[in-house]
1. How many residues, within region 48-71, are over 16 Å from TYR97 (Cβ atoms) and crowded, with 24+ Cβ neighbours inside 10 Å?
2. Only one of GLU93, GLU100, GLU120, GLU164 is away from ligand 2 (no atom under 16 Å from the Cβ) and touching a His at 6+ places or on another chain (Cβ under 9 Å); which?
3. Given the conditions (1) over 26 Å from GLN30 (Cα atoms); (2) assigned to a helix (DSSP H, G or I), which single one is not true for LYS233?
4. Give me the strands (runs of 3 or more DSSP E) completely within region 127-190, filtered to those with at least 1 residues that are in contact with a Gly (Cβ under 6 Å, 6 or more places away or on another chain), ordered by residue number.
5. Within region 210-227, how many residues are open to solvent by 10 Å² or more (accessible area, probe 1.4 Å) and either under 13 Å from the mean Cα position of the chain (by Cα) or within 16 Å of ligand 2 (Cβ to nearest atom) (or both)?
6. Mind checking which residues of region 147-186 are away from ligand 1 (no atom under 16 Å from the Cβ) and touching a residue at least 60 places away in the same chain (Cβ under 8 Å)?
7. Does region 241-250 include one or more residues that are out of contact with any Gly (no Cβ under 6 Å at 6 or more places or on another chain), open to solvent by 20 Å² or more (accessible area, probe 1.4 Å) and on the phi < 0 side of the Ramachandran plot?
8. When you look at VAL271, is it within 13 Å of ALA68 (Cβ to Cβ) and at pLDDT 95 or above, yes or no?
Amino acid sequence: MDSNHYNDFSLTDWSVPSRVDRKSKPDATQINIGGVCIGGPDVVIIAGPCAIENREQLAETARHVHKAGANILRGGAFKPRTSPYSFQGLGEEGLKYLKEAGEETGMPVVTEVMDTRQMELVCKYTDIIQIGSRNMHNYPLLKEAGKCTKPVLFKRGMMATVEEFLLAAEYILCEGNQNIILCERGIRTFESSTRFTLDLSAVPLLKRLTHLPVIVDPSHGTGLSWMVPAMAKAAIAAGADGVMVEVHIKPMDALSDGRQSLYPEDFVQLVTAIDKVAKATGRELFHAKSSPA
Ligand code: PEP
Ligand code: MN
């Protein structure tokens with residue numbers, strides 16, 4: 001697996017921004033969130049619905065994914081929807097349900113912040129703030145996240161190169177926040193059979209260029225629930241530190257992204273499959289050691 005003897009070949013013709021550059025910090029950055037370590041030797045699984053729809057939906061999903069072995073609960077309260085007529089999220093009410101479900105299951109939670117004006121409110125309820133693909137270039141938001149004390153789950157812009165992604169992460173680091181989890185979530189290409197093209201080659205590239213943890217979101221990356229397990233396993237095989245997967249108790253009734261959401265029982269199977277891939281690459285699932293399901 002050691003590819004260091006290829007060092008003589010220049011990887012890219014651009015230079016990696018300094019603070020994210022692995023040369024400035026050879027050791028991998030490990031981020032500890034409520035007892036879960038991202039970027040360490042173990043594989044971390046983040047799961048939950050696309051959007052928080054109501055208290056029961058979230059609580060039930062949280063119980064399912066926790067039992068199956070998820071480490072961190074996801075759920076959107078402020079949703080960046082393509083259409084302004086689609087469900088926009090429950091706002092603060094949703095954040096309350098998220099915090100509640102996290103506390104009930106003992107999982108740290110992650111939710112998206114879309115606007116600098118929401119930062120304080122979102123930080124009050126969440127353990128990790130997510131900056132979504134559509135906001136990767138929102139520099140005021142990046143600077144605000146850089147000043148905040150919560151770790152940032154930072155998604156690659158769907159039209160962004162890896163260089164632009166790293167330069168954007170540098171904005172967050174420049175303001176003092178070093179706890180950034182990079183997330184590959186698919187990019188726009190000419191291919192229209194899948195929602196996006198999941199760029200898994202970005203995983204070894206990012207792992208080589210930076211010290212920051214790298215996770216993969218195969219749900220948005222493919223847009224197709226049946227394809228999620230294959231790409232989640234491939235992500236771990238490619239060296240990702242974890243995956244983030246959308247799970248819904250009734251995908252057919254989901255208010256957003258039902259087509260790409262797994263049924264809880266399929267998520268159970270996925271965790272087992274990821275465990276096997278992790279072991280095959282000399283790793284294991286985080287929960288296997290710290291909180292056996
Ligand atoms: C999400 O994770 O809820 C989301 C909206 O993803 P993205 O920003 O990658 O589209
Ligand atoms: Mn979604």
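The values are calculated or read from the model by the stated rules, or taken from the named source; none is laboratory data. Remember, it's a predicted structure, so these values are computed and weren't measured experimentally. Reconstructed Cβ throughout: ideal geometry from the backbone, glycine too, with neighbour counts over all protein chains shown. Quick note on the areas: whole protein, heavy atoms, side chains included, nothing else; ligands and nucleic acids left out. Shrake-Rupley method; radii C 1.70, N 1.55, O 1.52, S 1.80 Å.
1. The number of residues fulfilling the criteria is 2.
2. GLU164
3. Unmet for LYS233, out of (1) over 26 Å from GLN30 (Cα atoms); (2) assigned to a helix (DSSP H, G or I): (1).
4. It comes to 152-155.
5. Summing the residues that are open to solvent by 10 Å² or more (accessible area, probe 1.4 Å) and either under 13 Å from the mean Cα position of the chain (by Cα) or within 16 Å of ligand 2 (Cβ to nearest atom) (or both) in region 210-227 gives 4.
6. Within region 147-186, GLU163, LEU166, LEU167, GLU170, LEU173, CYS174, GLN178, ASN179 qualify.
7. So far as region 241-250 goes, yes, one or more of its residues are out of contact with any Gly (no Cβ under 6 Å at 6 or more places or on another chain), open to solvent by 20 Å² or more (accessible area, probe 1.4 Å) and on the phi < 0 side of the Ramachandran plot.
8. Yes, satisfied.
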